[in-house]
Amino acid sequence: MAAHESSRFRKALRRAMTPLVTILVFGIAGATGLAGYAMIARQGGESDGQQAPLTPVGVMRVAPSDGYTITRRFTGQVEAATRADLGFEFGGRITELLVGEGDLVTEGSILARLDISALLPERAALEAELAALQADAELARLTLARNDSLTERGFRSVAAQDEARLRLVRLEAGMAALRARIAGVDVRLEKSVLRAPFAARIGQRLADPGQTVAGGQPVLVLFDAAPPKARVGLPAQIAARLRVGDRLQVDIGGTVQVAQLIQIRPDLDPGTRSRSVILGLPGEKAAVLGDTVALLVAQQVAEPGFWAPLGALREGARGSWSVMAVETTADGDRTLPAAVEVIHTDGARVYLRGLLPAGGRIVAEAPARVTPGQIILAQAE
């Protein structure tokens, strides 16, 4: 009986304690929340008194321009000042070829020789014939002198005297013909030696010793040792603005040098409809014959706008572009977008057209770092 009463007492005690414990838990939770809220409110009140630091941004002032200058490149080719395809005037077998490709030769240097073994006996035979005619002519002179003496004394007829005189004339004409033939052989002997017509560098060698060549057949290609020239095709309207003697910039192997305009062709190329100009290249850096060069021609374009760094552009929707302009307000320098149109670029800069006031300012680099309407710390660039 006592045990039963004790169990009933414990149950009644648990029923009485449960609401008290619940009230105590909720009370502790509420007190904790109030304390946290007060702490946050206190920290917020402290932070309201401090201003966030401004973002430093590079800003530049745009300068309006009436136009811009572009540099156009026109490709040409390096040529020798003079090129000559040399060959013998008379055919024959080459006995000597004294130069190789790439050799430098001076004017008058012997380059090659032909076989003259057939010319020497021919010349000797002609000289022998000439000597025989000279002997006959001497005899004819003596005969003519005797006939003149006999005719004066009446012992010789006039006809015999005329015959002796005409025989001497025929012999003298024969000797003149032989001398001309000997001179012809001498010319062929001289032409059997190939000489350099000017100081040059040997280009291509088209024949070898022992080879038989025809008259006029090229044996060697010579390039003038003088500084080379360049041939460039230009549009007719640009070539018309140039004058012989102008100094122009050319790009040779990545190095920009100054060349002089020495000739302007008067005709148009029927294929390209361009007009060729000839440039004398400087000798400081030897250009390789056949290499390409670029003639740099500056051209002014009349178009109002302003220059800006390439990094100042912001890409918008559907291919549109803008820059981040900077305006002065009571709160400080504030950013706002401004639509622009890209007219020209030279790689690092862009030429823009847009509704910016004269002397306006823009964010020079990385405009994506700031947002429209943001107050910034402008730093001049």
Determine, yes or no, whether Ala207 is surrounded by fewer than 17 Cβ atoms within 10 Å (Cβ to Cβ) and either aliphatic (A, V, I, L, M) or under 42 Å from the mean Cα position of the chain (by Cα) (or both). no
Go through region 54-100 and give me each residue that's aromatic (Phe, Trp, Tyr) and either assigned to a strand (DSSP E or B) or without any contact (Cβ under 8 Å) to a residue 12 or more places away in the chain (or both). Tyr68, Phe74
Verdict on Asp331 being out of contact with any helix residue (DSSP H, G or I) (no Cβ under 8 Å at 6 or more places or on another chain) and surrounded by 13 or more Cβ atoms within 10 Å (Cβ to Cβ): no
Of all the residues that make up region 78-135, how many are loosely packed, with under 14 Cβ neighbours inside 10 Å, over 30 Å from Arg170 (Cα atoms) and out of contact with any strand residue (DSSP E or B) (no Cβ under 7 Å at 6 or more places or on another chain)? 4
Only residues that are surrounded by 16 or more Cβ atoms within 10 Å (Cβ to Cβ) and of a type in the set (Ser, Thr, Tyr): list them for region 238-270, please. none
Please go through region 314-344 and pick out each residue that is acidic (Asp, Glu) and closer than 30 Å to Gln300 by Cα. Glu315, Glu341
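Considering only residues of region 63-77 that are out of contact with any helix residue (DSSP H, G or I) (no Cβ under 9 Å at 6 or more places or on another chain) and not polar (S, T, N, Q), which is farthest from Pro309 (Cα to Cα)?
Here the residue is Gly76.
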Working carefully through the options Ala294, Ala225, Ala287, find the one that is modelled with pLDDT of 90 or more, buried (at least 16 other Cβ atoms within 10 Å of the Cβ) and small (Gly, Ala, Ser). Ala294
Taking the condition exposed (fewer than 12 other Cβ atoms within 10 Å of the Cβ) and in contact with a strand residue (DSSP E or B) (Cβ under 9 Å, 6 or more places away or on another chain), does Ala317 pass? no
For region 185-208, state whether one or more residues are in a strand (DSSP E or B), in contact with a strand residue (DSSP E or B) (Cβ under 6 Å, 6 or more places away or on another chain) and among the small types (Gly, Ala, Ser). yes
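The values are calculated or read from the model by the stated rules, or taken from the named source; none is laboratory data. What you see is a predicted model, and the numbers here were worked out from it, not measured in a lab. Quick reminder, even Gly has a Cβ in these numbers, built from the backbone with ideal geometry, and neighbours come from all protein chains shown.
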